[in-house]
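Visitor: Pasting a structure below so you can have a look.
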Amino acid sequence: MKNIVILISGGGSNMAAIVRAAQQQNWDTGLGARVAAVISNKADAKGLELARAQGIATEVLDHKQFDSREGFDTALVALIDQYDPALVVLAGFMRILTPGFVEHYAGRLLNIHPSLLPAFTGLHTHQRAIDAGCKFAGASVHQVTAELDVGPILDQAVVPVLPGDTADTLAARVLTQEHVLYPRAIAQWLSSHP
Ligand code: GAR
């Protein structure tokens, strides 16, 4: 059985969509994979309750307890590796990862970013798409490499930018599609890594 470990920082709606897809599509028997743990850097991340309610192991590692990024990432690797992951999934995990962390999970670390990469890496993607006059926005699932939001793109979802959109209305439209995109991209990754 391949273990998936999901890292979150907040609402966890992408994590919930992945867990739902894993159940509904029987990833355990079909793809030989299961969501083994959900880990958050914030104890009050709403997604942790959702995961617990599904009987999934949860862990909290508070980055504020560490003096350095390296110290946090070293402890995070130790925690994640307790679950022997075939795949580590960043789902709204709002921490910049050190090169050492990224190297440790090279080839088995995915992220979802709320823009049509390579446009709008970093933060405030929806407002920046609106400000740039984009007619379409979306989300990208990509492999994580040392450079932020730049790794190979696995799949994307596109939504229109509508007249009168605010960052919030556009974010909500994109997020709905993220919930379809991310489980699809993970299932694709699992089937191509038997
Ligand atoms: C999602 O829109 C995700 O794409 C974004 O945070 C949100 C998390 O929502 N990620 C990033 O901005 C990463 N740089 P969720 O916690 O409900 O899944």
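The values are calculated or read from the model by the stated rules, or taken from the named source; none is laboratory data. Keep in mind the model is a prediction, meaning the values are calculated, not measured. In this analysis, Cβ positions are derived from the backbone assuming ideal geometry, glycine residues included, and neighbour counts consider all displayed protein chains. Keep in mind that these areas ignore ligands, DNA and RNA; they rest on the heavy atoms of the full protein, side chains included. Shrake-Rupley method; radii C 1.70, N 1.55, O 1.52, S 1.80 Å.
Visitor: What is the gain in length, in nm to one decimal, between Gln24 and Ala172 on full extension, counting 0.36 nm per residue of separation less the C-alpha to C-alpha distance?
Guide: Difference between extended and current length: 50.9 nm.
Visitor: Using only alpha carbon pairs under 8 Å that are at least six residues apart, calculate the relative contact order of the chain and give it in whole percent.
Guide: 21 percent
Visitor: Name the most mobile residue of Ile96, Ile112, Ile80, meaning the one with the largest mean-square fluctuation, in a Gaussian network model of the chain with Cα contacts below 10 Å.
Guide: Among Ile96, Ile112, Ile80, the largest GNM mean-square fluctuation belongs to Ile96.
Visitor: Shifting gears a bit: In deg cm²/dmol, rounded to 500, what helix-only [θ] at 222 nm does the chain give when every DSSP H run of at least 4 residues adds -39500 (n - 2.57) and the total is split over its residues?
Guide: Value at 222 nm, helices only: -11500 deg cm²/dmol.
Visitor: Let me ask something additional. Counting DSSP beta bridges with both partners in the chain, what percentage is antiparallel, nearest 5?
Guide: For the chain, the DSSP antiparallel bridge percentage is about 35.
Visitor: For a quick check, take a GNM of the chain with Cα springs below 10 Å and name the residue from Ala137, Ala119, Ala51 with the largest mean-square fluctuation.
Guide: For the chain, modelled as a Gaussian network with Cα springs under 10 Å, the answer is Ala119.
Visitor: Taking Cα atoms of segment 49-141, Rg/Rh with Kirkwood Rh, to two decimals?
Guide: With Rg and the Kirkwood Rh in hand, the quotient comes to 1.03.
Visitor: Rounded to a whole number, what % of the accessible area of the chain do carbon and sulfur atoms account for, probe 1.4 Å?
Guide: C and S fraction of accessible area: 54 percent.
Visitor: Take the alpha-carbon centre of segment 152-194, take the same for segment 56-102, and report the distance between them in whole Å.
Guide: So the separation of the two Cα centres works out to 23 Å.
Visitor: Also, quick follow-up: Check cross-link reach from Lys135 to the aspartates and glutamates: straight Cα distance under 14 Å, and skip same-chain residues fewer than eight apart.
Guide: Partners found: Asp165.
Visitor: Which lysines have a Cα less than 23 Å from the Cα of Lys42, not counting those fewer than 8 places away in the same chain?
Guide: Within the straight-line limit of under 23 Å, Lys42 reaches these lysines: Lys64.
Visitor: Determine the relative contact order of segment 109-174: mean sequence separation of Cα pairs under 8 Å and six or more apart, normalised by residue count, in whole percent.
Guide: The normalised contact order for segment 109-174 reaches 36 percent.
Visitor: Once amide H atoms are built 1.01 Å from N in the peptide plane, which residues 5 or more positions from Ala137, or in another chain, come under 5 Å H to H?
Guide: Close amide H contacts, sequence-distant or interchain: Val159, Val161.
Visitor: Right, something else. At 1.4 Å probe radius, can you tell me the per residue accessible area of the chain in Å²?
Guide: 48 Å²
Visitor: Still on this structure, please answer the following. What is the distance, in nm, between label points placed 7 Å from the Cα along the Cα-to-Cβ direction at Asn3 and at Ala53?
Guide: So the two model labels end up 2.5 nm from each other.
Visitor: Taking only the C-alpha atoms, wrap a convex hull around segment 1-81 and report its volume per residue in Å³ as a whole number.
Guide: Expressed per residue, the convex hull around the Cα atoms of segment 1-81 is 81 Å³.
Visitor: Still on this structure, I have one more. Over the chain, how many percent of alpha carbon pairs lie in each 10 Å bin up to the one with the longest distance?
Guide: With 10 Å bins starting at 0, P(r) equals 9, 37, 37, 15, 2.
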